[in-house]
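Colleague: The structure under discussion is supplied below as C-alpha cells; questions concerning it will follow.
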Amino acid sequence: MSGRVLLVYSPDLVEYDHGPSHPLRPVRVKLTHDLITHYGVVDGERVEERPARVASDAELALVHTGPYIEAVKRAGSGESGEWWRYGFGPGDNPIFPHMHDASARVAGASLVAAESVVEGGFEHAFNPAGGLHHAMPEAASGFCVYDDPAVAIAWMLDHGVERVAYVDVDVHHGDGPQAIFYRDPRVLTISIHESGRYLFPGTGFTDERGAGDGEGSAINIPLPPYTSDEAWLGAFREIVPPAVRRFSPDVLVTQLGCDTHHTDPLAHLALSTRAYREAARVLHELAHEAAGGRWVATGGGGYQWARVVPRAWTIYFAEMAERELPDELPHGWLELAQAEGADSMPVTLSEEAPPARDGGAEIESVLSDLRGRLP
Ligand SMILES: [Zn+2]
Ligand SMILES: [Zn+2]
C-alpha cells in the first residue's frame, strides 16, 4: 500500500496561457483535475490536494540565469526589448501577460510536489501543470518558460537528496533536464521519445550519454514514427527499470507527457491509453523498488486537450493512489468537457489501439546500440 499521495493543483495554474491559437491549452490541466476529482481519487485522507505556490527568484536561479528571469518579468509586463534573444516571439513561445508569475507558479507547483515528497511525509506527488522540459537556463523553448522539472531536481539536490533519476516519457526529447544535468553524476536522465530525426527538438540520440563526471548519466531511446503500444513498452521495459535500479536514486522524478498518443496533432507515435496504464504500473513499482517509494511526477506535452490528456493523467494518478477506476467516464465530467468546447469525446478510459505499424528494424537497432553502451 502506498503512503500518502499528493495532487498539486490550483485554478490559477491555467494562467500559464500562450493565447487562444496556441496548441498548449491550459484547460487540459483543469479538465485533468476535474476528472480526477469526479472519480473521487482525492479522498482528503490518504490522498490530498494542495495548491501551487510561486517559485522565488532564488529557486528559479538554481537553473536559470538572472538576466533570463529579468527578461521574463519585463517581457511579460509589456516592456519592449530584444526578447527574441531569450527565445521569445511569435510562434512557439509568444510573450503573454504576467508571464513570469504564471511560469513561476508552474515551477512552484513542482516545488510543492518535491517538498512534500522530500520533507512532507508524502510518498508520491503529481503536478499535472508541470513538465516544461524544453526550457533552457537562458532561453524559452518549445512552449516552456521555466524548466520546472529541473528546478525541482536542483532544489532536491540542495536539500539533502544525493541522487535523482529523471524519466521522461513525453513524445519529445527531454532536452532541458538533460542539458542542465549533463555533467552532473548525481542526476540520471532517461528520455524515451520520437526520434529527433523526425521531431522537435532534434536531439536525444543514443550517443548523448552525459559528459565529464556525468559520463553515462544520460540515456536516450529515440523511436521511429508510428511506434505503437507493444513496441514502445518493449523498449521502455528493457532499458528504463534496469538503468534506474542500477543508479539507485533517492527520488524518482517523471515527466509524463502524453503527446505520444496516436491522435496527438503534434507528433507521430501511436500509443493508446493502455500504454499509459502499463507505464504507470512499471514506474510505480520502480519508485518503490529503487527509490524508497519517493516519486515526484509532472505532466508534460499533450495536445488532445480534452479527449486524451485528462484520461492519460488520471490513469497515472490513479496508479499512484492505488485506485481502481470504473472504465466508464463520469457523466458529470463529460458535461464539463463539452462545456469547454470538447466534441467527439470517448466514453471510457480504455480504448481500441490503432493497428501496429512498427518500425521494428529501426527500434531493434536503437536497442542494440543501447545494449552496447550500457553496463
Ligand atoms: Zn505507491
Ligand atoms: Zn512533448
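Colleague: Among 313, 84, what is the fewest-to-most ranking by other Cβ atoms within 10 Å? Provide the component values of the computation, followed by the final result.
Modeller: On the way: 313 30, 84 10.
Fewest-to-most Cβ neighbours within 10 Å comes out as 84, 313.
Colleague: Can you put 340, 82 in order of Cβ neighbours within 10 angstrom, beginning with the fewest? The partial results should precede the final answer.
Modeller: Numbers: 340 15, 82 9.
With the sparsest Cβ surroundings first, the list reads 82, 340.
Colleague: In which sequence would 365, 80 go, from the one with the fewest C-beta neighbours within 10 Å to the one with the most? Write out the running numbers ahead of the final one.
Modeller: Numbers: 365 13, 80 7.
Arranged by neighbour count, lowest to highest, 365, 80 become 80, 365.
Colleague: Let me ask something else about it. The chain: D in µm²/s via Stokes-Einstein (Kirkwood Rh, Cα pairs, 10 °C, 1.306 mPa s)? Kindly include the intermediate steps, with their values, before the conclusion.
Modeller: On the way: Rh = 20.3 Å.
D = 78 µm²/s.
Colleague: Then there's this: Determine the relative contact order of region 253-374: mean sequence separation of Cα pairs under 8 Å and six or more apart, normalised by residue count, in whole percent. Can you show the working numbers first?
Modeller: Numbers: 119 pairs, mean separation 35.7, N = 122.
About 29 percent, as a whole number.
Colleague: So what is the relative contact order of the chain, in percent, for Cα pairs below 8 Å that sit 6 or more residues apart?
Modeller: Numbers: 824 pairs, mean separation 69.8, N = 375.
The value is 19 percent.
Colleague: Which of the peptides 201-214, 100-113 is most tightly packed, and how do the rest follow, going by the mean number of other Cβ atoms within 10 Å of each residue?
Modeller: On the way: 201-214: 15.8, 100-113: 27.0.
Ranked by mean Cβ neighbours within 10 Å, highest first: 100-113, 201-214.
Colleague: Report, for the chain, the % of DSSP beta bridges that are antiparallel, rounded to 5.
Modeller: Percentage antiparallel, nearest 5: 10.
Colleague: OK, next. Considering only the other residues whose Cβ falls under 9 Å of the Cβ of residue 109, what net charge follows from Lys and Arg at +1 and Asp and Glu at -1? Working shown, then result.
Modeller: Values: positive: 53, 105; negative: 148.
Once all neighbours under 9 Å are counted, the net charge is +1.
Colleague: Counting only C-alpha contacts under 8 Å and six or more residues apart, can you give the relative contact order of region 114-254 as a whole percent? Write out the running numbers ahead of the final one.
Modeller: Numbers: 252 pairs, mean separation 30.5, N = 141.
This gives 22 percent for region 114-254.
Colleague: Rounded, prolate or oblate, given the Cα gyration tensor of region 79-200, with a/c below 1.5 counting as rounded? Present the calculation step by step, with values, prior to reporting the outcome.
Modeller: Working: a/c = 1.93, a/b = 1.34, b/c = 1.44.
Verdict is oblate for region 79-200.
Colleague: Right, here's the next one. Given the DSSP H assignment, sum -39500 (n - 2.57) over each helix run of at least 4 residues in the chain and divide by its residue total; what's the result at 222 nm in deg cm²/dmol, nearest 500?
Modeller: Using -39500 (n - 2.57) per qualifying helix, the result is -11500 deg cm²/dmol.
Colleague: Considering only the other residues whose Cβ falls under 9 Å of the Cβ of residue 256, what net charge follows from Lys and Arg at +1 and Asp and Glu at -1? Don't skip to the answer; put the middle values down first.
Modeller: Values: positive: none; negative: 168, 170.
My count for the surroundings of residue 256 gives -2.
Colleague: Additional query: Work through the residues other than residue 55 whose Cβ is under 9 Å from its Cβ and net out their charges, Lys, Arg +1 and Asp, Glu -1. Each step should come with its number before you reach the end.
Modeller: Details: positive: 53, 105; negative: 57, 59, 148.
Here the count lands on -1.
Colleague: Okay, next question. For the chain, modelled as a GNM with alpha-carbon contacts under 10 angstrom, which of 94, 128, 310 fluctuates the most?
Modeller: The residue that fluctuates most here is 94.
Throughout, read-outs are computed from the coordinates displayed, never taken from laboratory work. Everything quoted here is computed from the prediction, not taken from an experiment. Cβ atoms come from the backbone with ideal geometry, glycine included; neighbour counts cover every protein chain shown.
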